[in-house]
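Written out below as structure tokens is the structure these notes cover.
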């Protein structure tokens with residue numbers, strides 16, 4: 001029969017491993033949530049990038065038909081293309097798989113990526129807003 | 001004359017819905033349509049011209065040029081994706097694999113996936129993606145073309161979706177699968193992230209396969 005000390009030690013080991021499993025599940029959950037936040041901004045940005053391409057096409061055809069001031073319109077299409085490229089580049093570098101990385105590394109990675117995609121999202125918003133303003137000023 | 005044409009068109013539209021025509025088993029035709037009246041052998045005939053997918057010239061994962069003509073006489077499913085998409089594309093293409101597995105042996109159904117990030121999705125990247133997915137042969141083509149042309153094309157494909165939602169913008173990256181018939185007309189759109197809708201798509205493709213020429217040529 002196990003003595004009290006041994007029982008206590010076994011109990012501690014069981015508790016310890018249970019704790020490790022739970023905390024491991026917990027860190028995985030944190031990582032998943034962190035990635036979810038990044039993806040959420042990505043999806044918002046993606047809808048805007050569609051608007052970016054749409055307005056870019058529209059302005060392109062207006063420039064071609066000489067319906068607008070080419071200098072002004074080209075400055076706007078340039079901003080649209082730059083924002084679009086920034087989005088593409090972000091998507092291309094973003095990693096979904098993180099095998100072999102520590103929890104801290106993954107959390108840091110997601111925090112960095114969130115900052116980056118936030119920036120891209122803002123850039124897209126600005127390009128969309130400016131081009132929308134310009135397009136609606138043409139209608140007047 | 002215009003009233004006559006409209007009247008003739010309405011009649012035609014009505015006749016298309018006759019119960020004898022198995023109206024519940026015929027898929028609708030989406031997009032703009034216009035009646036065209038012409039004279040054949042001295043008689044005035046009204047025909048309906050349906051919106052079809054415009055021409056394009058893109059390159060597939062094997063580096064081959066694919067145009068509208070490459071899809072002549074083929075039923076196909078089109079979607080828009082990009083290989084580095086972290087959110088919905090993996091789900092869409094897991095579902096599209098079901099369509100692929102179902103029809104890869106049939107020879108008369110294709111899948112066309114247009115990349116909306118052609119700058120990064122080069123032929124080599126697309127081939128690598130296809131290999132990872134286990135796509136072989138010519139049933140499923142992953143296409144690379146000019147980005148603006150791709151978006152313009154997307155607007156033609158997603159016309160049915162746009163009619164439904166009523167709001168402008170935001171369809172290209174929503175994961176829709178669009179069903180196109182042998183005449184290049186739009187016959188359905190499905191949420192590619194939803195397994196039930198994809199199952200419906202598979203059923204609808206089978207329906208199109210049995211659609212007789214007489215119904216098609218109405």
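What follows draws every value from the coordinates through simple rules; no lab data is involved. Predicted model, so just to flag it, every value in this text is computed and none were measured. Using ideal geometry, Cβ is built from the backbone for each residue, glycine included, and neighbour counts are taken over all protein chains shown.
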Normalised contact order of chain A, rounded percent, pairs of Cα under 8 Å and 6 or more residues apart: 37
Separation of alpha-carbon centers, region A:18-48 and region A:100-130, rounded to whole Å: 13
Tilt relative to chain A, helix A:70-93 - C-alpha long axis, 0 to 90 degrees, to 10: 20
Helix A:103-139 vs. chain A, principal-axis angle (Cα, 0 to 90°, nearest 10): 20
Contact order relative to length of region B:49-204, as percent, for alpha carbon pairs under 8 angstrom and 6 or more apart: 33
Cα gyration tensor, region B:57-216 - rounded (a/c under 1.5), prolate or oblate: rounded
Antiparallel %, DSSP beta bridges [both residues in the protein assembly as shown], to 5: 65
Gyration tensor verdict on region A:34-120 (Cα atoms; rounded if a/c is under 1.5, prolate if a/b is larger than b/c, oblate otherwise): prolate
FRET efficiency estimate (nearest 0.05) - Cβ-Cβ, residue B:206 to residue A:18, R0 56 angstrom: 0.60
Computed log₁₀ I(q)/I(0) - Debye formula, equal Cα scatterers, no solvent, the protein assembly as shown, q 0.07, 0.14, 0.15 Å⁻¹: -0.42, -1.24, -1.34
Residue A:30-residue B:91 pseudo-label distance in nm [points 7 Å out on the Cα-to-Cβ vector]: 2.6
Cα-based helix-to-principal-axis angle, A:4-64 vs chain A, degrees rounded to 10: 10
R0 of 45 Å, Cβ-Cβ distance residue A:125-residue B:37: FRET efficiency to nearest 0.05: 0.40
R0 of 41 Å, Cβ-Cβ distance residue B:57-residue B:133: FRET efficiency to nearest 0.05: 0.95
The protein assembly as shown: calculated mean residue ellipticity at 222 nm from DSSP helix runs of at least 4, using -39500 (n - 2.57): -19000 deg cm²/dmol
